[in-house]
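Coordinate-derived values only; no laboratory data. Everything numeric here is computed off the predicted structure, so don't read it as measured data. With ideal geometry, Cβ positions are generated from the backbone for all residues, glycine too; neighbour counts draw on all protein chains shown.
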Amino acid sequence: MPKPIYVLSGPNLNLLGTREPEIYGHQTLDDVRALCEARAKARGFEVVFRQSNHEGELIDWIQEARNEAAALVLNPAGYGHTSVAILDALKMLGIPVVECHLSNPAAREAFRRKTYVSLAATGIVSGFGAASYELAVEAAAGLAR
Ligand code: CA2
């Protein structure tokens, strides 16, 4: 059995589906989890799916992924635009990293056009709502082989 694909989500995404559906869609994070699990299963992987509102906890999980994961899918949410600490953790990872966003940050406010995470990501999937996660898992499964 291969190592799992870690799918980590950052702050406020626990509230997904409850506001701004025109930007983020109507699906909840539990719906997203189900999509990720199904796509990973079809590619022979399991998923470790977690969300945190805390930067340090996300960093702990990224460090854990060094030994425990085949690849990482990360939606850093707001931390993507601010966190050098998460970038530093990703640089030490040594496994493929797929950055993932529900919306397309490049088409939004100027402050969203840069993410630190992108500097360490193998690739980015954004703008497809919950399907961004599915596509990111697909990419991660391909990279993990
Ligand atoms: O599009 C994305 O996935 C983002 O990572 C979402 C972040 C935002 O800061 C990034 O620029 C792009 C915001 C997450 C807010 O969480 C939500 C909570 C409830 C409903 C919708 C989103």
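Points worth noting:
- Pair ARG113, GLU46: separation of 7 Å Cα→Cβ label points (nm): 4.4 nm
- Neighbour counts of C-beta atoms inside 10 Å place GLU138, GLU57 in the sequence GLU57, GLU138, starting with the fewest.
- For the peptides 22-32, 115-125, residues were scored by their other Cβ atoms within 10 Å and the scores averaged per peptide; the highest-first order is 115-125, 22-32.
- Sum of side-chain charges, ASN104 neighbourhood, beta-carbon under 11 Å (Lys, Arg +1; Asp, Glu -1): +3
- Using θ = phi - 60° in the Karplus curve 6.51 cos²θ - 1.76 cosθ + 1.60, the 3J(HN,Hα) couplings for region 74-84 round to 10, 9, x, 6, x, 5, x, 8, 10, 9, 5 Hz; x is entered for Gly and Pro.
- Cα gyration tensor category, rounded, prolate or oblate, for the chain with a/c compared to 1.5: oblate
- Per-residue Cβ neighbour counts within 10 Å put MET1, MET92 in the sequence MET1, MET92, beginning with the fewest.
- Of all aspartates and glutamates in the structure, the ones whose alpha carbon falls short of 16 Å from that of LYS3, not counting any fewer than 8 places away in one chain, are GLU37, GLU46, GLU64, GLU68, GLU138.
- Amide H partners (placed H, <5 Å) of GLU46, local residues excluded: ILE5
- Computed on the chain, with alpha-carbon pairs under 8 angstrom and 6+ residues apart, the relative contact order is 29 percent.
- A cut-off of 5 Å between modelled amide H atoms, ignoring neighbours fewer than 5 places along the same chain, links VAL73 with TYR6, VAL7, LEU8, VAL98.
- Computed from backbone phi with θ = phi - 60° and the Karplus coefficients 6.51, -1.76 and 1.60, the 3J(HN,Hα) list for region 128-135 is 10, x, 4, 5, 4, 5, 4, 5 Hz; x is used for glycine and proline.
- Residues whose placed amide H lies under 5 Å from that of SER126, excluding near-sequence neighbours: HIS101
- At R0 = 25 Å, FRET efficiency that the Cβ-Cβ distance of ASP30 and ARG66 yields, to 0.05: 0.35
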